[in-house]
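A short worksheet on the structure shown next.
FYI, it's all coordinate maths here, none of it is from the lab. Just so it is clear, the structure is predicted and the values come from calculations on it, not from any experiment. Cβ atoms come from the backbone with ideal geometry, glycine included; neighbour counts cover every protein chain shown.
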Amino acid sequence: MNLYTAIQAALPPQLDEPAILTDGGLAYTWGDLEQATAMLANLLESLKLRGKGGRPPVVAAHVDKSVEALLLYLATLRAGAVFLPLNPAYRAAELDYFVEDAQPAVLVCRSEDLDWVTPLAAHRNVGHLFTLNDDRSGSLLTHAAQMPVQHTVATREADDLAAILYTSGTTGRSKGALLTHGNLLSNARTLLRHWDWRTDDVLVHALPIFHIHGLFVAGHCALLSATPMRWIGKFDATKVIAQIKDTQGPRASVFMGVPTMYGRLLADGGLTPQSAAHMRVFISGSAPLSATAADAFVHATGHAILERYGMSETGMLCSNPCRSTEGARLPGSVGPALPGVGVRITDDHGQPCPQGDAGHVEVRGPNVFKGYLGMPDKTREAFTTDGWFRTGDVGRIDEDGYVHLVGRARDLIITGGFNVYPAEVEAHLDRLPGVIESAVIGVPHPDFGEGVVGVLVTPKGVALDEAALLASLKDTIAGFKVPKRLIFTDDLPRNAMGKVQKNLLRQQYNHTFD
């Protein structure tokens, strides 16, 4: 089934009901969404697009977050094409890589970028170039306005390609994950059931939409349940809190964010148990949420954040319980595997690990992608011989079935022959007085092979005693896990979704023990 067919089937009987309310004061009804996506889909079909390499045509969007950018995604589904969302922060060299690799038939960019995108698109033989801005201007909408408001959704099967998402590429060449209509629809329906999505829910949407979290997890849940979204163009803690507190119109009940957002909401101080009393659930993902931050949020708001785990290649894999009857939400855990998703832990030889032991996280299910675009060797490497996807994460499963992630396999530190998982050490560092957050890395050491280094974010103007902190750690964790150096900083390097870029930290502190 075409994913848009399922979205269309979920539309409420009264299409004049609010679907999206923006922080700029605009209101879109369900009828507006249906009509606008029809016009955009008709525009795409009028171009007689052809795909490359036997694939359906690709529509690439290098634009700011806007409701119209979301409509372009939905229209691409309607027309049976493949959507490629790209971070608008990418510059020429970065964009050129994705355009060369994905070979889109259509590229949509901001008007302000047109001067440098135009020669790039011509060089890569992109057939059609349009502009789209976050103020509802641009050539895309001008052309779409001339199109009919009726459209028949293209027929697609579950295994047909719907989207390409590029991995973050923090350790090498970015890979395009091929996601099907079935991948996206099955995962969204599972989340709706598992998170108890209700017909009266209202989502505060403050995430970017060039990534799986904002576009697929948040967007699909609201669209497939026909529940309104309170739309924030760019995250701002004050705006989010204002939307949560607003009593005019549909009342907010669900918020999805990344740990950095929750840190800023806490720093603002505007959320209290009283102001957040009507909220049903706060959900966090895309990067690990520290137990310290989780505890602080409970204290500040009365709400326990629901942490979940997913990837660009798989959608959501695990989630802490939504219903209290199904168990507690454990800080530091991403919860049990979602229904229909298999998760197992294996050792370096591919054998199952004993319960509770850390090893490689492998998964399977209808949500797992088809493979990497143009990379058959990487695709084969990513899957075991019996069909499980190697996530690259290291984790363990406790006696209650909860998954605990202890780091990426590439971040494992081997010091003096002992394995150190950064997440375990970070959990202890984050609890130390004066530490806002931490990142643990391994760098070359003349004696131990790798030396453990802790990079700590501290409040400006606050001086911490390195020796005293290290001494306190020695009372709580094994000596080989204790960092040999602590480095203090104002901030940690992050990618667009808030994940700490440890490769950059390793480069920066590579000569610590020279």
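Exposed loop sites, defined as GluC sites (Glu not before Pro) outside DSSP H, G, I, E and B with at most 13 other Cβ atoms within 10 Å, are absent from the longest region of the chain, namely 158-398.
Label-to-label distance for Asp386 and Phe480 is 3.0 nm, based on points extended 7 Å past Cα in the beta-carbon direction. Take every Cα pair under 8 Å whose residues are at least 6 apart in sequence, average their separation, divide by the length of the range 412-508, and the relative contact order is 26 percent.
Near Arg193, once Lys and Arg are set to +1 and Asp and Glu to -1 for all other residues with Cβ below 13 Å from its Cβ, the sum equals +1. Placing +1 on the Cβ of every Lys and Arg and -1 on the Cβ of every Asp and Glu, with no other charges, gives the range 1-156 a dipole of roughly 720 debye about its Cα centre. Overall form of the range 412-508: oblate. Here a/c, set by the Cα gyration tensor axes a ≥ b ≥ c, is 1.5 or more, and a/b is not larger than b/c.
At full extension, Ala267 and Asn503 could sit 82.2 nm farther apart than now, given 0.36 nm per residue minus the alpha carbon distance. Between Ser111 and Thr512, the FRET efficiency from the beta-carbon distance, with R0 = 51 Å, is close to 0.65.
Please work out the FRET efficiency for the pair Asp135 and Gln14, using the Cβ-Cβ distance as r and a Förster radius of 25 Å; give the result to the nearest 0.05. With R0 = 25 Å, the Cβ-Cβ based efficiency is 0.30.
On a 25 Å Cα-Cα criterion, which of the cross-link pairs Lys245/Lys499; Lys460/Lys499; Lys52/Lys234; Lys245/Lys460; Lys460/Lys481 come out too long? Violating the 25 Å limit, Cα to Cα: Lys245/Lys499; Lys52/Lys234; Lys245/Lys460; Lys460/Lys481. For Lys239, a cut-off of 21 angstrom between C-alpha atoms picks up these lysines, skipping any fewer than 8 places away in its own chain: Lys65. Entry note, the chain: relative contact order of 10 percent, from Cα contacts under 8 Å with a spacing of 6+ residues. Residue separation of Arg198 and Ala277 scaled by 0.36 nm, minus their Cα-Cα distance, works out to 26.7 nm of gained length.
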